[in-house]
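What follows is a short report on a single structure.
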Amino acid sequence: MQLHQVINEAVNNVAAMDRNRRGLAEKLLPLCSQDLLKPNSSEFLEKKLIFSVEKSELNCSIAGVDSGFIGKDLLALDLILIRSVGVVFNYEKGKVAKADYYPNIYSFPEPRLSSSSLEFDEFQCSKSIQRLLQEVSTAKSLIEKFSPEFCFLDGSIIPQYADKPRKDSKVKGVYRQLLGEFQALYSTAADNNCELVACVEDSRGSRFRQIIQEHLLSEQQGLAGQLESCYDAILLDYLLKPGQRSLSFTYTSSIKEHPILMDFQEKWAKAVHAFYIKPVAFDRPLRVEFLHPDGQEISKHVSRIASTVLSQSCLHREYAYPAILIEADFNARLKPGEIEIVYDKILNKLGKGFKLRLRRDNRPF
């Protein structure tokens, strides 16, 4: 197939999908006015599918934590550089009055070495776990030092499936440590009255869509089937207007079957919830994850979080992401040259006789 044919086919397919999804969203609009408490399903935690969000005038301290990492696999060892940065914005009448950086506005990334001869999948998993361990540790220390009212995390509020090593992996012990650190972070936040808010930049979640399919469209198989190709963020992009959010929902319908939450203490596994919010017109909805303890009224809790997320994420009409996390990312981001500095110093001290480079990195032509 010629290049111009591929381009035309791609354009036609995307345009057709857009038309289909717009038509599908129009068919789903009547669900937005339906009283969801009448079906008496445990999946419906709030009365409606869609809620309006009031942007709050910020008069509080908001923290954000992000990390950057880069790895280099060598023959004798694996090298990882990690930089985790926390930022605290103190707001007065909606404007930043003061900014603090933790541990510093800039620091050289922390090197980690592994000589355990990890296989490729283990090395990838180990890199992610090491990054998360440092990020969670930074978040805990930042909360204890600055006592912010909100602490934003970049990415999910729990580890992801790719972070879980296989049963016979050498990094299983580090994974168990990671689970403990995440739950220690939840306890630290609770003890300091700090709201943990995790924002997923490009979510591929489908929990919201599954709830609609199973509990609102179970008798309309044709319509339910049309949703199969839609991620939550894509579907809600057509349903939500700027300044609206979806209903909140639990992270999973079955904790015992979820590959990550099954490893958590029950009280924390049950507390993980999420919703989507559309802060601006020209970007997709943002997935927001948070902890909601048993016994609290959820709509009031979600409204408070959503108002803060909206105020943080509506600064650019084409990019909906919290300002605090954008700042944290700027300071945590790593450049390839930083790991080359460490690698070159190792080589210089060892001398030319040591063969550390992989063959693919050592081509003479």
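Any read-out appearing in this document is the output of simple, stated calculations on the displayed coordinates, not a laboratory observation. As the structure is a computational prediction, the values presented were derived from the model and not from experiment. Neighbour counts run over all protein chains shown; Cβ positions are idealised from the backbone, glycine included.
Of HIS215, HIS292, HIS273, which is the most mobile in a GNM of the chain whose springs link Cα atoms less than 10 angstrom apart? Of the options given, HIS215 has the highest mean-square fluctuation.
When the charge dipole of the chain is built from unit charges on Cβ atoms (+1 for Lys and Arg, -1 for Asp and Glu) and taken about the Cα centre, the candidate among ALA190, ALA63, TRP268 whose Cα reaches farthest toward its positive end is ALA63. Just to be sure I understand the curve: with the Debye formula and one point per C-alpha of the range 143-219, what is log10 I(q)/I(0) at q = 0.17, 0.18, 0.21 Å⁻¹? With no solvent term, the Cα-only Debye profile gives -0.87, -0.91, -0.99. In the chain, if the dipole is taken from +1 on Lys/Arg beta carbons and -1 on Asp/Glu beta carbons about the Cα centre, which of ALA16, PRO148, SER303 is farthest to the positive end? My answer, from the dipole projection, is ALA16.
Spin-label pair PHE108-ASP344: with each label point 7 Å from Cα along the Cα-Cβ axis, the two points sit 1.3 nm from one another. In the range 1-94, the C-alpha radius of gyration followed by the widest Cα-Cα span (Dmax) gives 24.6, 63 angstrom.
Take the Cα of ASN192, go 7 Å toward its beta carbon, and the backbone nitrogen atoms of the range 138-157 under 14 Å from that spot belong to 138-153.
The angle separating the long axis of helix 120-146 from the principal Cα axis of greatest extent in the chain is about 70 degrees.
Dividing the convex hull volume of the alpha carbon atoms of the range 79-191 by its residue count gives 109 Å³ per residue.
Helix-only arithmetic for the chain: the sum of -39500 (n - 2.57) across DSSP H runs with n ≥ 4, divided by the residue total, places the mean residue ellipticity at 222 nm at -12500 deg cm²/dmol. Could you tell me which residue out of SER254, LEU178, LEU240 lies farthest along the dipole of the chain toward its positive end? Charges go on the beta carbon: Lys and Arg +1, Asp and Glu -1, centred on the Cα centre. So the residue we want is LEU178. The string of couplings for the range 297-312 from the Karplus curve (6.51, -1.76, 1.60, θ = phi - 60°) is 6, 6, 4, 5, 5, 5, 4, 5, 5, 4, 4, 6, 4, 4, 4, 7 Hz, one whole number per residue in order, with x for Gly and Pro. Counting neighbouring beta carbons within 10 Å and listing from fewest to most, the residues LEU79, LEU185 come out as LEU79, LEU185. On C-alpha positions alone, give me the angle between the axis of helix 3-28 and the longest principal axis of the chain, in degrees, nearest 10. Helix 3-28 sits at roughly 40 degrees to that axis. Computed from the C-beta positions of LYS48 and HIS4, the FRET efficiency with R₀ = 41 Å rounds to 0.30. For the chain, the alpha-carbon radius of gyration amounts to 1.10 times the rule-of-thumb value 2.2 N^0.38 Å expected for a compact globular protein.
Between ARG204 and GLN221, the contour length at 0.36 nm per residue exceeds the Cα-Cα span by 3.8 nm.
Rounded to whole numbers, the Karplus 3J(HN,Hα) couplings from phi for the range 332-348 are 8, 4, 9, 10, x, x, 5, 6, 5, 4, 5, 4, 5, 5, 4, 4, 4 Hz, using 6.51 cos²θ - 1.76 cosθ + 1.60 with θ = phi - 60°, and x at Gly and Pro.
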